[in-house]
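Heads up: the structure comes next, in structure tokens.
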Amino acid sequence: MSIRSNISAVYHAMQLAGKYPASMRMKIIRDYISLYRAKGLTPEEYHEFGFDKRSESFRRDFLGLNEQRFYLDLLNPLKYFSLARNKFMAHKMLENTGIQTSELYCYYQPEACYANNLEYAGDLAGVLRILKARGVQSCVIKTTESSHGDNVWVIQNIDYQDSDAILTHFDGQNIDLSSVLGTEALIFESVVRQTEQFSSFNASSVNTVRFMTALYPDGSAKVIATFIKIGRAGRCVDNAGSGGNVDVCVDVETGEIQHAIQFDGWHKVKDIDRHPDSGAQLNGVIIENWDSVKAEVIRFQQAFPYCKAAGWDIAITDDGPVVIEVNDFWDRTGQFFIRRGWRNEIRECYLAWKATGKDYSVGPQRLPLDDKKMAAKFQ
């Protein structure tokens, strides 16, 4: 390691050790520096995932931020960044590749005020024109660049006025459409109706299955991990990032729900058997039509080669799986839910594409470590 990286590792180790009892601090410092040298583990990852208590297999197989960035620079290059990160562009790309997603009603973009399009609108009058023409009475409104369930409005009813509309939020609150439209781009899309089984877990949110998939140079694809994010009563989103929800592992082969937890934030986790609000049984439940759903998601990955390792948020409906979002760069929290790391699978995919000799990356790598020897470990 370079002198700079050594100094950084020691500094972060000492900061990290301050979160533990005095009797443990030297052990934590040595352990963290060892993991940093081996795989570039961040101090936040060490503390949040409880590496001091984890099994050797988890510690070995965990894919951390630095190593993930290294692999995904080749697998999901920056030139395709907007195809997954921008919800409007992702929506259109998925539609055009035959991947089932919600219906896009309207794209509001203030800079599109001069466009004359059946789908684009740059002002209030344009949005009203499109929504009225399509007879839209309920919808989901999202900002195009947000993630983690932020800035999502589920609208149960639209009461059209002469020059505005009153939107009734899922919790009964009313808001004027004009007050929603600002400087940020928005998409208006159809409300996804999940199966009765998934609604029974928590009816107020669309409880999505995260499918982690990998695509290989021969065109084959596979699912490498699955887990479900389930909302709490009265909440319309199922995001796991900041806690306040229920998360469960799903066995990739059988579709059986396992290891259900109530995740209220890091170090605020409780093992559960049933949903804390609905009382619905979770552990041991088999997801209906699992094999056909999984086969469809594999097809989705094959039809979307721009991201060769993707995290799909999938709603299970009576008509099959529907893509809510595709992620080209995902957080590491899912490894906590499934109780194992997915480093080996992502690394295997990276090595397969690297062996083709093609350079899919564009521009400098996003690897934040100033350490060529560290980067060489990931090769």
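Could you give the spread of the C-alpha atoms of the chain along their three principal axes, from largest to smallest, in whole angstroms?
69, 48, 40
Among 258-266, 165-173, what's the highest-first ranking by average C-beta atoms within 10 angstrom per residue?
The peptides rank, most packed first, as 258-266, 165-173.
Could you check the spin-label model distance between residue 191 and residue 319? Points 7 Å from the Cα along Cα→Cβ, value in nm.
Placing both labels 7 Å beyond Cα along the Cβ direction yields 1.6 nm.
Please identify, among 133, 185, 309, the residue showing maximal mean-square fluctuation in a Gaussian network model of the chain using a 10 angstrom Cα cutoff.
Highest fluctuation among the options: 133.
Would you list, by chain and number, the lysines whose Cα falls below 23 Å from the Cα of residue 79, excluding same-chain residues fewer than 8 positions away?
Once the sequence-local lysines are set aside, what remains near residue 79 is 87, 92, 308, 354, 358.
What distance in nm lies between label points placed 7 Å from Cα along the C-beta direction at residue 38 and residue 171?
Calculated label separation equals 4.4 nm.
In a GNM of the chain with a 10 Å cut-off on Cα contacts, which of 151, 76, 202 has the highest mean-square fluctuation?
Its mean-square fluctuation being the largest, the pick is 151.
Provide the gained length on full extension for the span residue 54 to residue 356, in nm with one decimal, where the gain is 0.36 nm per separating residue minus the Cα-Cα distance.
Between residue 54 and residue 356, full extension yields 105.1 nm more.
Treating each Cα of the stretch 1-53 as an identical point scatterer and ignoring solvent, apply the Debye formula and state log10 I(q)/I(0) at q = 0.16, 0.25, 0.28 Å⁻¹.
Each listed q corresponds, in turn, to -0.39, -0.93, -1.14.
Quickly work out the residue 268-to-residue 89 label distance, labels modelled 7 Å from Cα along the C-beta direction, and quote it in nm with one decimal.
Those two pseudo-labels are separated by 3.6 nm.
Among 314, 175, 141, which one shows the highest mean-square fluctuation when the chain is modelled as a Gaussian network with alpha-carbon springs under 10 Å?
175
For a quick size check, give me the Cα extents of the stretch 104-189 along its three principal axes, largest first, whole Å.
Taking max minus min along each principal axis of the Cα atoms, the stretch 104-189 gives 35, 32, 20 Å.
Every read-out reported here was derived from the displayed coordinates using simple, explicitly stated rules and does not represent laboratory data. Quick caveat: nothing in here was measured; it's all calculated off a predicted structure. Every residue, glycine as well, gets a Cβ built from its backbone with ideal geometry; the counts of neighbours run over all protein chains shown.
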